[in-house]
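The values are calculated or read from the model by the stated rules, or taken from the named source; none is laboratory data. Just so you know, these numbers come straight off a predicted model, no measurement behind them. Here the Cβ positions follow ideal geometry from the backbone for every residue, glycine too, while neighbour counts run over all protein chains shown. Just so you know, the surface numbers come from the protein's heavy atoms only, side chains and all, with ligands and any DNA or RNA stripped out. Shrake-Rupley method; radii C 1.70, N 1.55, O 1.52, S 1.80 Å.
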Amino acid sequence: MNKQRGRPKRGADDGRARILAAAGELFVGGGYQRTTLRSIAERAGCDVALISYHFGSKKGLFAQAMALELAPAEVLERAFPGDPDTLGIRLLVLVTTAWERPEVSGSLTHLVQMAMTDEEVRQPFLEYLDREVMTRIVEYFGGPDARARATAALTLVIGVIFGRYVLRVPSLAGQDAQQFLDALAPSARVATMRRVHRVRTGEQT
């Protein structure tokens, strides 16, 4: 098979569907870390440059191959500009805004539900979150408390997603979006502030 290279010609098979199919098979079968753009290109019968043309990056391709309309890492990049101490509130607003869109929440919820029940989906998804979300937040904060602050940020996001959109806890899902944001805003602001003391397991408050 001749490999399709670079930007597709007008009216030609642009290779997008083949790339998505190949990527889905390889991400599920081999995991996020072990799957390379080169191996995907080989499976799809195209050049790596064509993947970059359509999807921009490995994480962009993964997001779409796993049926995501809006990649978690893309939301993260939009939240980064600004004061690190207020990252929590920016993440809360962006995540909630994204999940309130039916065309986004449907595919995202489907992926999360699959990841909860299917090991073949769960493993590459967790690798993606660890490498492209958690690691990036740690790098963004920097300093000795970076991992603690990143843990708080990711926990906030996961709690919002599961509580309101996946499990649909009535007291959370029943509020309109603005009420939900207003209720969580104080906790979100505190979550990613610089740590001034350490809480130990079993400590009394």
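Quick check on the range 23-52: of everything there that is polar (S, T, N, Q) and open to solvent by 60 Å² or more (accessible area, probe 1.4 Å), which residue is farthest from residue 130 (Cα to Cα)?
By that ranking, first place goes to 36.
Under 6 Å between Cβ atoms, at least 6 apart or on separate chains: pull out the pairs that start in the range 167-196 with a residue that is touching a residue at least 12 places away in the same chain (Cβ under 8 Å) and end on any residue that is open to solvent by 70 Å² or more (accessible area, probe 1.4 Å) and part of a loop (DSSP other than H, G, I, E, B).
Listed by first residue and then by second, the contacts come to 177/100.
Yes or no: residue 55 surrounded by 16 or more Cβ atoms within 10 Å (Cβ to Cβ) and at pLDDT below 90?
Judged against the criteria, residue 55 is not a match.
Of everything in the range 72-99, what is touching a residue at least 24 places away in the same chain (Cβ under 8 Å) and outside any helix (DSSP H, G or I)? Give them in sequence order.
If the condition is that a residue be touching a residue at least 24 places away in the same chain (Cβ under 8 Å) and outside any helix (DSSP H, G or I), then 80 is the only one that fits.
Taking the range 157-174, which residues are among the aliphatic types (A, V, I, L, M) and either over 19 Å from residue 116 (Cα atoms) or surrounded by fewer than 17 Cβ atoms within 10 Å (Cβ to Cβ) (or both)?
158, 167, 169, 172, 173
Test residue 119 against the stated conditions and say whether it is within 30 Å of residue 26 (Cβ to Cβ) and out of contact with any Leu (no Cβ under 9 Å at 6 or more places or on another chain).
Yes: the conditions hold for residue 119.
Assuming residue 105 fulfils every condition listed in (1) at pLDDT below 85; (2) under 12 Å from the mean Cα position of the chain (by Cα) apart from one, which condition is it?
Every listed condition holds for residue 105 apart from (2).
Kindly evaluate residue 41 against the criterion of being over 20 Å from residue 173 (Cβ atoms), small (Gly, Ala, Ser) and in contact with a helix residue (DSSP H, G or I) (Cβ under 6 Å, 6 or more places away or on another chain). Write out each step before concluding.
Working: over 20 Å from residue 173 (Cβ atoms): yes; small (Gly, Ala, Ser): yes; in contact with a helix residue (DSSP H, G or I) (Cβ under 6 Å, 6 or more places away or on another chain): yes.
Criteria met by residue 41.
Being loosely packed, with under 15 Cβ neighbours inside 10 Å and of a type in the set (Gly, Ala, Ser) is the filter here; which residues of the range 111-156 pass it?
Residues satisfying the conditions are 142, 143.
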